Amino acid sequence: VADPGVTILSTDSLSLSVSGPPFPSAPSLALIHSTKTSLAVTVTLPAAPAGTASIALTPTPFVSIYNVSVPVLPQTPRITSVQPSSATSAGGTVVTVTATFLPKVSQATDLAVTLGGTGMSGVSLLWSEDESTSLTATVPGNTPAGK
């Protein structure tokens with residue numbers, strides 16, 4: 001922010017308001033630097049559906065409200081680990097899969113888990129949070145190598 005007119009000593013002197021996509025938790029605010037001629041902050045938004053977030057920052061004592069709109073890009077779901085990393089084509093191996101940026105779920109029936117296009121059985125939800133999910137599932141038989 002150029003020329004805020006006040007020097008901010010901590011985030012306690014800033015009021016942050018964010019609207020837009022439904023955020024699963026509150027955004028965080030960090031003060032980078034502040035003088036009467038410039039103010040730099042970092043606003044960290046939690047993972048959320050795509051859309052536009054409107055951010056309003058109000059310093060105390062009140063001088064002005066600083067508004068900005070930023071695009072919120074969808075996070076691409078990504079598998080971060082599979083244990084064990086291999087199984088036989090006969091199937092029956094129970095694997096633990098952890099992924100990021102899946103929608104938060106509360107039960108295993110909310111998940112559709114496939115391997116090489118074939119549904120996996122015995123899906124069990126270990127945990128699901130705002131940014132990651134972990135589950136176990138049984139590898140189906142006759143799965144082509146490399147899938």
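The values are calculated or read from the model by the stated rules, or taken from the named source; none is laboratory data. All of these numbers come straight from a predicted model, not from anything done at the bench. Virtual Cβ from ideal backbone geometry, glycine too; neighbours counted across all protein chains shown. Ligands, DNA and RNA are stripped out before the accessible areas are found, and what is left, the full protein with its side chains, is counted by its heavy atoms. Shrake-Rupley method; radii C 1.70, N 1.55, O 1.52, S 1.80 Å.
Can you name every residue in the stretch 86-112 that is in a strand (DSSP E or B) and not β-branched (Val, Ile, Thr)?
The answer is Ala99, and nothing else.
Looking at Pro4, Pro22, which one is touching a residue at least 24 places away in the same chain (Cβ under 8 Å) and closer than 28 Å to Thr100 by Cα?
Residue meeting the stated conditions: Pro22.
Failed condition for Gly51, given (1) open to solvent by less than 40 Å² (accessible area, probe 1.4 Å); (2) in the same structural domain as Thr133 (by the TED database); (3) of a type in the set (Gly, Ala, Ser), with all others met?
Failing condition for Gly51: (2).
Report every pair of residues separated by at least 6 positions or lying on different chains whose Cβ atoms are under 7 Å apart, first residue within the stretch 50-78 and within 20 Å of Thr37 (Cβ to Cβ), second at pLDDT below 80 and small (Gly, Ala, Ser).
So the pair list comes out as Val63/Gly5.
Just to be sure I understand, how many residues within the stretch 69-99 are open to solvent by less than 60 Å² (accessible area, probe 1.4 Å) and closer than 30 Å to Leu57 by Cα?
Number of matching residues: 2.
Would you list the strands (runs of 3 or more DSSP E) that sit entirely within the stretch 1-85 and hold 2 or more residues that are under 30 Å from Thr133 (Cβ atoms) and at pLDDT 80 or above?
14-19, 28-34, 39-44, 51-59, 78-83
For the stretch 91-101, check the following and say yes or no: at least one residue is more than 20 Å from the chain's Cα centre (by Cα) and of a type in the set (Ser, Thr, Tyr).
There is at least one residue in the stretch 91-101 that is more than 20 Å from the chain's Cα centre (by Cα) and of a type in the set (Ser, Thr, Tyr).
Are any residues in the stretch 1-20 buried (at least 16 other Cβ atoms within 10 Å of the Cβ), in the same structural domain as Ala56 (by the TED database) and farther than 14 Å from Thr60 by Cα, and if so, which ones?
Val18, Gly20 - these are the residues of the stretch 1-20 that are buried (at least 16 other Cβ atoms within 10 Å of the Cβ), in the same structural domain as Ala56 (by the TED database) and farther than 14 Å from Thr60 by Cα.
Scan the stretch 100-137 residue by residue and report those that are of a type in the set (A, V, I, L, M) and loosely packed, with under 13 Cβ neighbours inside 10 Å.
Ala112, Leu126
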